[in-house]
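A quick write-up on the structure given underneath.
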Amino acid sequence: MRRGEAMGQDRPGSYLLFIALDGPVRIRVGALGEQDFPAGTYIYCGSALNGLHARVARHLRPERKAHWHVDHLLAQGQPVGALLVYSEARLECRLAEKLSRLEGVRRHVPGFGASDCRCPGHLLLCEEPVQAVGGAIQGVLNRLQDGPLEQRQGQGDEDGTLAFRETARQ
């Protein structure tokens, strides 16, 4: 058991961060350089094996230093939700691969979020409204994990966290 788990604190896992962009923007993304982002909803696939809740809460804070590629996108967009998967394994590459196969979802910006792996990237653009692919996303998550899935939706609280509810694997 990791430190803090017994008291209900942070656990390891992976996550999907949903980010809305109201209009097209050009963003400098670290070493990836200037990149074009059309309006739409993006899904960022990430992992945090040393503290899933803390990592997602950091992404949801309005003020943050740009440390990861996704921080550059978050400076222009609005986080609209997150799905958390508790796991000791890094699942972000598998999540990005499986989700990129869904109709209406495609990878965007080669190498985004993937500086520590060899996959094509961890950022996806939903070409359809997220609600249209939500069931398929849920199906991918259910096949990748056995434990509870935590879903966070809505606007952030003052501390940058979102309300959540536990959902069991179906």
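Assess whether residue 90 counts as being part of a strand (DSSP E or B), open to solvent by 30 Å² or more (accessible area, probe 1.4 Å) and either on the phi > 0 side of the Ramachandran plot or among the basic types (Lys, Arg) (or both). Even if it seems obvious, please write down each step before you answer.
Details: part of a strand (DSSP E or B): no; open to solvent by 30 Å² or more (accessible area, probe 1.4 Å): yes; either on the phi > 0 side of the Ramachandran plot or among the basic types (Lys, Arg) (or both): yes.
So residue 90 fails the test.
Kindly indicate whether any position in the range 113-122 is in contact with a Cys (Cβ under 6 Å, 6 or more places away or on another chain), in contact (Cβ under 8 Å) with a residue 60 or more places away in the chain and open to solvent by less than 40 Å² (accessible area, probe 1.4 Å). For the range 113-122, residues in contact with a Cys (Cβ under 6 Å, 6 or more places away or on another chain), in contact (Cβ under 8 Å) with a residue 60 or more places away in the chain and open to solvent by less than 40 Å² (accessible area, probe 1.4 Å): present. Looking across the range 126-141, just one residue is buried (at least 19 other Cβ atoms within 10 Å of the Cβ), among the aliphatic types (A, V, I, L, M) and more than 16 Å from residue 15 (Cα to Cα), and that is 133.
Filtering the range 34-56 to residues that are open to solvent by less than 10 Å² (accessible area, probe 1.4 Å) and closer than 12 Å to residue 109 by Cβ leaves 37, 42. Restricting the first member to the range 52-67 and to residues that are closer than 11 Å to residue 10 by Cα and at pLDDT 90 or above, and the second to residues that are loosely packed, with under 14 Cβ neighbours inside 10 Å and not acidic (Asp, Glu), no beta-carbon pair is closer than 7 Å while six or more apart or on different chains. Name the residues in the range 100-111 that are within 12 Å of residue 69 (Cα to Cα) and either open to solvent by 90 Å² or more (accessible area, probe 1.4 Å) or modelled with pLDDT under 90 (or both), would you? Matches in the range 100-111: 110, 111.
The values are calculated or read from the model by the stated rules, or taken from the named source; none is laboratory data. Given the structure is predicted, the values throughout are model-derived calculations rather than measurements. Every residue, glycine among them, receives a Cβ derived from its backbone with ideal geometry; neighbour counts consider all protein chains shown. Heads up: the accessible areas ignore ligands, DNA and RNA and are worked out on the full protein's heavy atoms, side chains in. Shrake-Rupley method; radii C 1.70, N 1.55, O 1.52, S 1.80 Å.
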